Each structure stands twice: as structure tokens, then as C-alpha cells.
Amino acid sequence: MSDTYVHGYGQRENERLQDQAGTLVELLHRDTWYPPGSRVLEAGCGVGAQTVTLAQRSPGARFTSVDISAGSIAEAGRQAGLAGLANVDFVQADLFALPFAPGSFDHVFVCFVLEHLAQPIRALALLGGLLRPGGTITVIEGDHGSAFFHPDSRAARQAVRSQIDLQRRSGGDAMIGRRTYPLLVEAGFDAVRVDPRMVYVDSSRPDLVDGVIKRTFTAMIEGVREAAIRAGLIDAETFEAGVRALYRTTAADGVFCYTFFKGFGVKRPA
């Protein structure tokens, strides 16, 4: 796994990830829970945006949270400390070369990681090797192709497309959510099921207007401005018009939708 993250590692991205996690807790994690005594591997923990939720919701489980970035691991540890968590160990390591023995974990959790990988099936297969027979994996991924909004805007769609194309050039797939089921099946997991989780936002939910449209999705698109323009994927004028159009969906008559996909699988018995 190369140390390539299309959104960057700056403070603004750190804040966006934390905002996203806080806003989407109930949507994504209403059924995320691990039994006491469970050994859980969080693969690609980043700055700990999901880690805090996982550890708080399953205080009796023991989490090992891994990321390739030393800076992200340091920030994740800081967030865990602020939350008073004592059931998480942080390890800096490459997802494709994890320092754990086969069968070390009862469960694996992967969130917003596969979209950045050129070899997601290989990653899932390697993670499966770290599970005990009958252990489970949970995968959560978004799909930028599922974003739609009112008022519609050609410029906004072009700005979103530029982010998708930029991520594709780096080896990732910003529309990987729709592939969650076949990826898990091809990686060798049994009893695979996928649950789509749509977030719908209109002005009756000002918390989601702020948390989803402003602080999560539009902030993410804004974050690739320079890289997308530099790569020739979009011109500056169109990009700026697209961002303005995305913010326009926060008005009283605006609507925004986006779908996440939460997949589950079981490791085949030996």
C-alpha cells in the first residue's frame, strides 16, 4: 500500500474526517458492536475518526487500530486519549504487510479505506487471513456516483467528477461502494450481505445541512481544488461554480442525497 491519500493529511482534512464521523454515527454505526473479550482489528484507522466511536460502543472489546501514516497514528492516539479510551492499541504499519499472525483477530473493521487502494480484493483477502475461522469483517465505503442534489448543476457534477477522476489516477475508486458485495465475495468471504445507507438532507435538518453538505461532502470536494485543476481535470472557473452550486443546496429549497454501503462477511471455516 503506497502512502497516497488523495485528500491530503492537513489540519483541514483532519477536521473534515472528525466532522464526518460525528455526523454519521447513527447512520453508519447503529448496528456496530463487538462482544466483550473480542479482538478487533481496525485496518486504516486514519486520524481515529471512527476509532473513538468503535471503542466507545464496545468497551469490552480490545481494538488494534492500524494506519500507514505516522502522523495519522499520532493524531488517532491523541483523540483516543481525549476520549479517555483504554481499549485501543495503535500500530503504524502497511495494510499489505501487517505484523500479526494468522487468526489473531475475531473481527476486522474497514471504513473508507478500500476506495484508496489499487488492489482492494488483495487487501480484503490478507485481512481475512488474520481472522479466526468464523470471524467477521465489516466494510463501509461511500460512492460518489450516488450523490445527487437539487437544484441540479452541471458545474457541481463536473467538480464531483474531477474528484472521482483524480482518485482514479492515484489508483483508487471513489465509486467503490457499489462494488462492496462482489469485492467481499471475490476475497473469499461467506454469508456476504450489504446494506445501503442513504443520507438524505433538506432544510428541515439543519444539523445534517451543516454536517453533511458543508463539513463533509462539499469540504471534501473543495479539498482537491488545486490538485484537480493542476491535473487538467477541470478549469478553475468551473470548479468554483461547482462548489458554489453545492453550497446552494443548503438553502431552504435545497436537497442532497448520498449513499454509503455497509458490507458484512464471515471467514470460511478451515
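Residue-wise HN-Hα couplings along segment 254-259, as the Karplus relation 6.51 cos²θ - 1.76 cosθ + 1.60 with θ = phi - 60° gives them from phi, are x, 9, 9, 9, 7, 10 Hz; Gly and Pro carry x. Stretching the chain fully between Ala125 and Val255 yields a gain of 42.9 nm (0.36 nm per residue, less the alpha carbon separation). Radius of gyration (Cα atoms) of segment 59-109, expressed as a multiple of 2.2 N^0.38 Å: 1.18. Karplus-derived 3J(HN,Hα) values for segment 43-53, using 6.51 cos²θ - 1.76 cosθ + 1.60 with θ = phi - 60°, are 8, x, 6, x, 8, x, 4, 8, 4, 4, 4 Hz; glycine and proline are entered as x.
Using helices alone, I'd like the mean residue ellipticity at 222 nm for the chain: each DSSP H run of four-plus residues gives -39500 (n - 2.57), total over residue count, nearest 500.
Working: 10 runs with 94 residues, N = 270.
Dividing the helical sum by the residues of the chain leaves -10000 deg cm²/dmol.
Consider all pairwise Cα distances in segment 123-179 and report the whole-number % of them above 18 Å. Considering segment 123-179, 51 percent of its Cα-Cα pairs are separated by more than 18 Å.
Once the mean 1/r over all distinct Cα pairs of segment 75-150 is inverted, what Kirkwood radius in angstroms do you read off? If you can, show how the numbers build up before the last one.
Values: mean 1/r = 0.0683 Å⁻¹.
Kirkwood hydrodynamic radius for segment 75-150: 14.6 Å.
I'd like to compare 175-182, 246-253: which one has the highest average count of other Cβ atoms within 10 Å, and what's the full order after that?
Working: 175-182: 19.8, 246-253: 16.1.
The densest-packed peptide leads the list: 175-182, 246-253.
Based on Cβ point charges of +1 for Lys and Arg and -1 for Asp and Glu, what charge dipole magnitude is obtained for segment 176-222 about its Cα centre, in debye rounded to the nearest 20?
Numbers: 7 positive and 7 negative charges, 10 e Å.
Roughly 40 debye, rounded to the nearest 20.
Amide H contacts for Thr138 (H built 1.01 Å from N in the peptide plane; partners 5 or more residues away or on another chain; cut-off under 5 Å): Val108, Phe109, Val110.
Would you mind classifying segment 178-236 by shape? Square roots of the alpha carbon gyration tensor eigenvalues, ordered a ≥ b ≥ c; an a/c under 1.5 is rounded, otherwise it is prolate if a/b is larger than b/c and oblate if not.
On the way: a/c = 4.13, a/b = 1.34, b/c = 3.08.
Cα axes put segment 178-236 in the oblate bin.
Work out the length of the dipole vector of the chain about its Cα centre, built from +1 on the beta-carbon of each Lys and Arg and -1 on the beta-carbon of each Asp and Glu, and round it to the nearest 20 debye.
Working: 28 positive and 30 negative charges, 88 e Å.
I would put it at about 420 debye.
Close amide H pairs (under 5 Å, H built 1.01 Å from N) link Arg197 with Phe260, Phe261, Lys262, residues at least 5 positions away or on another chain. Toward the positive end of the charge dipole of the chain, about the Cα centre and with charges on Cβ (Lys, Arg +1; Asp, Glu -1), which of Phe239, Ala74, Val25 goes farthest? Ranked along the dipole, the leading option is Val25. Rounded to the nearest 20, the size of the Cβ-charge dipole of segment 123-228 about its Cα centre is 120 debye, with Lys and Arg at +1 and Asp and Glu at -1. The calculated P(r) of the chain, using every Cα pair and 10 Å bins from 0, goes 7, 30, 37, 20, 6, 0 in percent.
Note that segment 186-196 has calculated 3J(HN,Hα) couplings of 5, 7, x, 8, 9, 6, 6, 9, 10, 10, x Hz, one per residue in order, obtained from phi through the Karplus relation 6.51 cos²θ - 1.76 cosθ + 1.60 (θ = phi - 60°); glycine and proline are x.
With a 1.4 Å probe and every protein chain kept in, tell me what percent of the accessible surface of segment 59-164 is carbon plus sulfur. Don't jump to the answer; show the numbers that get you there.
Details: 2250 of 4020 Å².
The C+S portion of the solvent-accessible surface of segment 59-164 is 56 percent.
With the cut-off at 1.5 for a/c, could you classify segment 98-252 from its C-alpha gyration tensor as rounded, prolate or oblate? Because a/c hits 1.5 or more and a/b exceeds b/c, segment 98-252 counts as prolate. Across q = 0.31 Å⁻¹, segment 29-71 modelled as identical point scatterers on its alpha-carbon atoms has Debye log10 I(q)/I(0) values of -1.14, in the order of the q list.
Protection proxy ranking for 66-72, 196-202, 211-217, using the average of other Cβ atoms within 10 Å per residue and placing the highest first: 211-217, 66-72, 196-202.
The values are calculated or read from the model by the stated rules, or taken from the named source; none is laboratory data. Nothing here was measured: the structure is a model prediction, and the numbers come from that model. Positions of Cβ are backbone-derived with ideal geometry, glycine not excepted, and every protein chain shown enters the neighbour counts. The accessibility values were calculated without ligands, DNA or RNA, using every heavy atom of the protein model including side chains. Shrake-Rupley method; radii C 1.70, N 1.55, O 1.52, S 1.80 Å.
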